[in-house]
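Each remark here refers to the structure printed beneath this line.
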2 protein chains.
Amino acid sequence: MSLQLFEKQVYAGRRDVLKQNFGHDGLIVLLGNEESSMSYKDNHYPFRQDSSFLYYFGLDVAGIAAVIDTDTGGEVIFGNELSMDDIVWTGILPTVSEMAALVGVTQTRPYNDITHYIHKAITAGRTVHVLPPYRPENKIKLAAWLNVSLQDVADHVSIKLIKAVIAQRVIKTPLEVAELEKAVSTSVDMQLAVIKNTRPGVKGYELVAKAHEVAMAADSRLGYPAIITPHGQTLHTHDYSHTLQNGQMLLCDIGAENAMHYGGDLTRTAPVGKTFTTKQAELYQVVLDSMDHAISMLKPGVRYKDIHLAACQKLVEGLSQAGMMKGDPAEAVAAGAHTMFFQCGLGHMLGMDTHDMEDLGEPYVGYTDTLKKETNIFGLKSLRLGRELEAGYVLTIEPGIYIIPELIDRWQAENKYADFINYSVLNTYRDFGGIRIEDNFLITDTGSHLLGKYLPKSLKEIEELKG
Amino acid sequence: MSLQLFEKQVYAGRRDVLKQNFGHDGLIVLLGNEESSMSYKDNHYPFRQDSSFLYYFGLDVAGIAAVIDTDTGGEVIFGNELSMDDIVWTGILPTVSEMAALVGVTQTRPYNDITHYIHKAITAGRTVHVLPPYRPENKIKLAAWLNVSLQDVADHVSIKLIKAVIAQRVIKTPLEVAELEKAVSTSVDMQLAVIKNTRPGVKGYELVAKAHEVAMAADSRLGYPAIITPHGQTLHTHDYSHTLQNGQMLLCDIGAENAMHYGGDLTRTAPVGKTFTTKQAELYQVVLDSMDHAISMLKPGVRYKDIHLAACQKLVEGLSQAGMMKGDPAEAVAAGAHTMFFQCGLGHMLGMDTHDMEDLGEPYVGYTDTLKKETNIFGLKSLRLGRELEAGYVLTIEPGIYIIPELIDRWQAENKYADFINYSVLNTYRDFGGIRIEDNFLITDTGSHLLGKYLPKSLKEIEELKG
């Protein structure tokens, strides 16, 4: 087993910043993940460590946890040593104290000691800060450690810790940006493999196989389940059973997660045959214009929500040209009429998690105390990022047009947005499918920087790839 | 979303058999699986349905459960209909009642109704039979449904239901055998891709990529994490970071799980270069002789434990020829001295799960009320299958020789098995690594049948593949 890590100073430095920002306020508990069982206990999914644990403690092994004592500055890693049976089955690993030393931690204890350690702190009246669990086994552990019911765990997570972790992780350091550049470049190679192998008669799963092969051959994995479909209007479909046909478009949304667990998140939409149809090319250009407009707005101080709304307006302008929308584009967006075509948000934070830090809560990652998420408005409720941009943010830009027959039928029956939507024309596009184009950006002091190698995106470039 | 299913009569027939075997005895609850979160709630591992649920109810979708009322014969599927938001994100699925009809069930209810449904049965004094949960979220559900604490769920699983399900699933029907043949043949193709691409300078993960590509291109996935390593002595290593070197052997243990979730489980050990060294060839032949002897014993009425012990004796005979063991082979095996080289069992049941039905408990799957597992004897405690064979069983045969330096050092220091182990010779093999050869068999009325296409296994055949 070879552990892939940054220098130990990186982790110690991150913890020092956290402690400094936190002040003297009890214990911070960071829970590593366990193995996840597929079809029986010992048959595991590929292990994925918790991202915040990786950020502060780096160790990519199952079954460990860590405590930071913000009053004393002490740090303890809790984990169990291997038995001879473990060695026979899984091989030699460093001891827990050897692993701890690799990330600058000197104190270690057996895993089960953590229950008593935390109970003692609670009894002494100290505050124990934990992050919200997204895996059920960690929820069970936290209930036991905090001595509360499963139902009450959610009320015992620390908003202060959530905010402190986000404040730190949201600004990517040069070391992290270098990892993100690598992960996005691998994602570009995956996209190229898929696009070049897309042709009539190919099955979706054969293209997924190509993406996997490129990722794995770069010591990476897929950071999220691939979306590879001729039915791009379904935002998160993972059905790969379709046989591709001439005249269709293939929407491919894939990203590599590299060995250090930083990820890319790219989408391209390409014709199954050699060229786009006239209708496809027209709407592709609408999406691309919206994307380019959004990219041109990226810089510190601009609210991402405003970029989203500007991108939506560009979509409406293009859809009006195509005859599917009408009326004033700004009014259409204000009314929400564009959500017939673009039901989701323009993008999200990106980092170790594809939706970076989503486990800590979108209201904290993508929004602020003064800019709250609109949770009741169709479209905006799916905008994961709204806040003002800062240098060091890494995010996606991913506009799209999605023609969903079920939505047309429902809204047309309600005569919804009839002032802005030209249903008679729209109905001629019922089987159009969906188009999304997505790239990844670092916010710089003056604007933005495209992460990774350039992946062709113009109509001409995409068709040339198919040549 | 396209659901892959057998004819609905298949599932109805299986449930009828279960009801008949069970008699009038309250409710049987079968829990489907949920999505499993990777790094945040909505980022999922590939969905894997519970195998017993698939066996009786077939539906490969997350978030459903089923109840069989053994007193009335009634069957209910509990699940929630899609909202418009679901349709936007994940596309159209059949309704719950449409899905239920596909597997011959007419009654459906919203998912959350199941809690009240079960509580009502318990209040009425009826018995509620559940299988042991291997996923924490299912444990949490069962605790709520059965109205017991998390700790007490284990005491409330139904041994009667476990035994009834195993009795049925352990005998593979022709329909299942056909799926297993396909899955093993895909596994053969994966093995061939790995062996042919094994050469000095290749990274382990590049070979894993090849295996994945072949699996996915056959609409399959890996049924368990690949073992692809030059350090074959570590039984379950998933470290793929090694650069392969001339003179090493690569141990590759991989299997496809097909779209119907039946799996193969094959192992080959091949030279990284073109040929085995003399030492490698000698021990490879020892393992192969042991394997062929075990295969020759496969037939109904023979205890698998006896086949295991006979295979161990063959290994000892070969290891004695090589100078690493001494004394009477039968006595050596009786004493357990062979476990220096072969620490695990000869094989296990195979089906929808790689270790078929392991979630239901090895004591019930691999053993009987009269033949109990030896849980305190090194070696035998890892023998997953011991019971007398019956026609219709599907299982693996996988002997091996694993040279584990840490085990040599520990046992030599204790002078353990000094009458049988020639430590001075063994120490010259310290860095030898490991060899395993594994194929999959159906027990027939008169003997056994090799599942899937033939995968070369003799020294000559393996070297020819490298040509």
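State whether the residues of the stretch A:21-37 include one that is in the same structural domain as residue A:162 (by TED's automatic domain parsing) and under 24 Å from residue B:406 (Cβ atoms). The answer is yes, given that some residue of the stretch A:21-37 is in the same structural domain as residue A:162 (by TED's automatic domain parsing) and under 24 Å from residue B:406 (Cβ atoms).
Restricting attention to the stretch A:133-153, the residues that are out of contact with any Ser or Thr (no Cβ under 9 Å at 6 or more places or on another chain) and not in a helix (DSSP H, G or I) add up to 4. With the condition kept exactly as written, say whether any residue in the stretch A:245-259 is surrounded by fewer than 21 Cβ atoms within 10 Å (Cβ to Cβ), in contact (Cβ under 8 Å) with a residue 60 or more places away in the chain and assigned by TED's automatic domain parsing to the domain that holds residue A:445. Yes, the conditions are met somewhere in the stretch A:245-259. Kindly check whether there is at least one residue in the stretch A:277-291 that is outside any helix (DSSP H, G or I), more than 18 Å from residue A:344 (Cα to Cα), in contact (Cβ under 8 Å) with a residue 40 or more places away in the chain and of a type outside the set (Ser, Thr, Tyr). Scanning the stretch A:277-291, I find no residue that is outside any helix (DSSP H, G or I), more than 18 Å from residue A:344 (Cα to Cα), in contact (Cβ under 8 Å) with a residue 40 or more places away in the chain and of a type outside the set (Ser, Thr, Tyr), so the answer is no. When the stretch A:5-41 is limited to residues that are assigned to a loop (DSSP other than H, G, I, E, B) and at the interface with chain B (Cβ under 8 Å from one of its Cβ atoms), the one that is nearest to residue A:144 (Cα to Cα) turns out to be A:36.
Considering B:164, B:183, the condition of being open to solvent by less than 60 Å² (accessible area, probe 1.4 Å) and assigned by TED's automatic domain parsing to the domain that holds residue B:361 is satisfied by B:183 alone.
It is to be established whether one or more residues within the stretch A:47-65 are touching a Pro at 6+ places or on another chain (Cβ under 8 Å) and open to solvent by less than 10 Å² (accessible area, probe 1.4 Å). Explain how you work it out, then say what you get.
Pass one, the stretch A:47-65, residues touching a Pro at 6+ places or on another chain (Cβ under 8 Å): none.
Among the residues of the stretch A:47-65, not one is touching a Pro at 6+ places or on another chain (Cβ under 8 Å) and open to solvent by less than 10 Å² (accessible area, probe 1.4 Å), which makes the answer no.
Taking the conditions (1) within 13 Å of chain B (Cβ to nearest Cβ); (2) assigned to a helix (DSSP H, G or I) in turn, residue A:353 satisfies each one other than (2). Counting the residues of the stretch B:1-13 that are at pLDDT 95 or above and open to solvent by 20 Å² or more (accessible area, probe 1.4 Å) gives 8. Which ones in the stretch B:311-337 are closer than 22 Å to residue B:366 by Cα and either of a type in the set (S, T, N, Q) or surrounded by 18 or more Cβ atoms within 10 Å (Cβ to Cβ) (or both)? If the condition is that a residue be closer than 22 Å to residue B:366 by Cα and either of a type in the set (S, T, N, Q) or surrounded by 18 or more Cβ atoms within 10 Å (Cβ to Cβ) (or both), then B:311, B:312, B:313, B:333 are the ones that fit.
When the stretch A:42-98 is examined, which residues are found to be in a helix (DSSP H, G or I), touching a residue at least 40 places away in the same chain (Cβ under 8 Å) and closer than 20 Å to residue B:233 by Cα?
Hit for the stretch A:42-98 is A:90, nothing else.
May I ask you to list the residues in the stretch B:202-221 that are open to solvent by less than 20 Å² (accessible area, probe 1.4 Å) and either among the hydroxyl-bearing types (Ser, Thr, Tyr) or within 21 Å of the chain's Cα centre (by Cα) (or both)? Result: B:208, B:211, B:215, B:220.
Restricted to the stretch A:154-188, and to residues there that are β-branched (Val, Ile, Thr) and outside any helix (DSSP H, G or I), the residue that is farthest from residue A:119 (Cα to Cα) is A:173. Being in contact (Cβ under 8 Å) with a residue 12 or more places away in the chain, within 27 Å of residue B:226 (Cβ to Cβ) and within 14 Å of chain B (Cβ to nearest Cβ) is a property that holds for residue A:202. Any residue that is outside any strand (DSSP E or B), more than 30 Å from residue B:54 (Cβ to Cβ) and open to solvent by 20 Å² or more (accessible area, probe 1.4 Å) - is there at least one of those in the stretch B:223-232? Looking for residues that are outside any strand (DSSP E or B), more than 30 Å from residue B:54 (Cβ to Cβ) and open to solvent by 20 Å² or more (accessible area, probe 1.4 Å), one finds at least one in the stretch B:223-232, hence yes.
The values are calculated or read from the model by the stated rules, or taken from the named source; none is laboratory data. A quick note: this is a predicted structure, and the numbers were derived from the prediction, not measured. FYI the Cβ positions are ideal-geometry reconstructions off the backbone, even for glycines, and counts take in every protein chain you see. The protein model used for the area step is the full one, side chains on, heavy atoms only, and it has no ligands, DNA or RNA in it. Shrake-Rupley method; radii C 1.70, N 1.55, O 1.52, S 1.80 Å.
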